[in-house]
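Below is one structure, written out as structure tokens; the observations come after it.
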Amino acid sequence: MMKEFLTYETDQDQLKLISTGEWMLGTVLQIEKELLQIPYDKKIVWDVSGISDFDSAGVLLFIDYYERFQKETEVEIVGYTENQKDMYTLLHKHIPKIEPPRKKGMLENLGRRTYEILDEIKSFITFLGHLFYAMFHTFVKPKDIRFKETIYHIHQSGFNALIIIALTSFLVGMVISYQGSVQLAKFGADIFIVDTVAISITRELGPMITAIVIAGRSGSAYTAEIGAMKITEEIAAMRTMGFDPYTFLVLPRIFALMVALPLLIFFADLIGILGGMVAASMQLDISMGLFTQRLYEVLEVKHYLLGMMKGPVFAFLIAAVGCFRGFQVSYNTESVGLHTTASVVNSIFLVIAFDALFSVIFTELGL
């Protein structure tokens, strides 16, 4: 079969490949197209005696396909000259060997991941430094606080979240009441379901469930919004015009969430206790009047206040992590999704970790 630079003939045992013409820089693309059509399912006898001229590009192409053919079948080279052999030896000696990627060991992966985590912690501390500086600046000059944007974010993060917070809190209250009533009924202590629901909701579950829902709802939105602004270079333009992104983008979101989250926790406490009241009425036949009377007896103000104290801390963590991840977004859309996911995961982890820390502190203080 004839080609411009290659001729090959096949029989039952082997394929005879004959190279012809000039194997030079200007012809290697055409030669490669012809080489790609060569079948190599049997032994190849490659005759290079017909090559009239060659340079390093032609020899490198020959080396590439010679090694490629060798991986699949036996290859025999015939008809080569001393000049061709010398060029082949010289170039083959200096071609860098590309080794397959080495499989990373467990310790190497652990070390790399540890380094990445430490680097992220360092970046977050730097972010907090800029944030606290911006806070101090706004407290010194209150006129720089963006009240309009803060109210807008309170509406977005707080008022618009009432429905999902109400549904979640009501169901959590019902679940606690149902599960607790099964155990308390065995001991004839039905009325203590009020203690269980009221104290657990106000001290622990109300603040934590609300914070987790807001982390998934508002924290992720903060990351996506700031990330999109970074991709469209709005943040770079803002810096160019002399505006501080922390004052204009981060602080309104943090102030808004620190105001909205305690209010949402108060709302969640009420709805959660209502859910427990409904479940107790259905499961233990405890009337709402009796439930309310017992509630006044056992629910001290301190339980409510200890739960509310967590609100501003959780809000700061969620908003700060959401904005921090937004600033980390690189200039592609995939990065927005990755950092939004990381924002939710980090926020929920910090909420649970700080909730555990609060529990330890309150227990040590006897509260």
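Details
- Ile226 vs. criteria β-branched (Val, Ile, Thr), surrounded by 14 or more Cβ atoms within 10 Å (Cβ to Cβ) and part of a helix (DSSP H, G or I): yes
- Selection within the stretch 343-367 - aliphatic (A, V, I, L, M) and touching a residue at least 40 places away in the same chain (Cβ under 8 Å): Val344, Ile348, Val351, Ile352, Leu367
- The stretch 65-84: number of residues that are part of a helix (DSSP H, G or I), at pLDDT 80 or above and over 50 Å from the mean Cα position of the chain (by Cα): 2
- Checked against (1) buried (at least 22 other Cβ atoms within 10 Å of the Cβ); (2) more than 27 Å from Ser157 (Cβ to Cβ), Gly307 passes all but a single condition, namely (2).
- Options Val351, Val329; residue that is at pLDDT 90 or above and open to solvent by less than 70 Å² (accessible area, probe 1.4 Å): Val351
- Among the residues making up the stretch 285-298, a single one is within 45 Å of the chain's Cα centre (by Cα) and buried (at least 20 other Cβ atoms within 10 Å of the Cβ): Phe291.
- Matching residues, the stretch 151-190, being of a type in the set (S, T, N, Q) and surrounded by 20 or more Cβ atoms within 10 Å (Cβ to Cβ): Ser157, Ser169, Ser177, Ser181
- Taking first residues from the stretch 25-47 that are within 23 Å of Thr81 (Cβ to Cβ) and partners that are among the small types (Gly, Ala, Ser) and open to solvent by 30 Å² or more (accessible area, probe 1.4 Å), the Cβ contacts under 6 Å between residues at least 6 apart in sequence or on separate chains come to Asp47/Gly79.
- Within the set Ala279, Ala221, the sole residue that is modelled with pLDDT of 85 or more, in contact with a Phe, Trp or Tyr (Cβ under 7 Å, 6 or more places away or on another chain) and not aromatic (Phe, Trp, Tyr) turns out to be Ala279.
- Hey, Val197 buried (at least 19 other Cβ atoms within 10 Å of the Cβ), more than 18 Å from Ser281 (Cα to Cα) and in contact (Cβ under 8 Å) with a residue 12 or more places away in the chain or not: no
- Within the stretch 108-144, the set of residues being among the aliphatic types (A, V, I, L, M) and modelled with pLDDT of 85 or more comprises Leu110, Ile117, Leu118, Ile121, Ile125, Leu128, Leu131, Ala134, Met135.
- Per this entry, Tyr115 is counted among residues that are open to solvent by 100 Å² or more (accessible area, probe 1.4 Å) and farther than 20 Å from Val259 by Cα.
- Glu34 vs. criteria more than 21 Å from Leu91 (Cα to Cα), of a type outside the set (A, V, I, L, M) and open to solvent by less than 20 Å² (accessible area, probe 1.4 Å): yes
- Taking first residues from the stretch 240-260 that are in contact (Cβ under 8 Å) with a residue 60 or more places away in the chain and partners that are in a loop (DSSP other than H, G, I, E, B), the Cβ contacts under 7 Å between residues at least 6 apart in sequence or on separate chains come to Phe248/Arg146; Pro252/Arg146; Ala260/Gly158.
- The sole residue among Phe291, Phe314, Phe362, Phe267 that is within 26 Å of Met135 (Cα to Cα), among the aromatic types (Phe, Trp, Tyr) and assigned to a helix (DSSP H, G or I) is Phe314.
- The selection criterion, being surrounded by 24 or more Cβ atoms within 10 Å (Cβ to Cβ) and touching a Lys or Arg at 6+ places or on another chain (Cβ under 8 Å), holds for Gly322.
- Val336 being assigned to a helix (DSSP H, G or I) and open to solvent by less than 70 Å² (accessible area, probe 1.4 Å): yes
The values are calculated or read from the model by the stated rules, or taken from the named source; none is laboratory data. What you are looking at is a predicted structure, and each value in this text was computed from that prediction instead of being measured. Don't worry about glycine lacking a Cβ; one is built from the backbone with ideal geometry, like all the others, and counts go over all protein chains shown. In case anyone asks, the SASA skips ligands and DNA or RNA and just uses the protein heavy atoms, side chains included. Shrake-Rupley method; radii C 1.70, N 1.55, O 1.52, S 1.80 Å.
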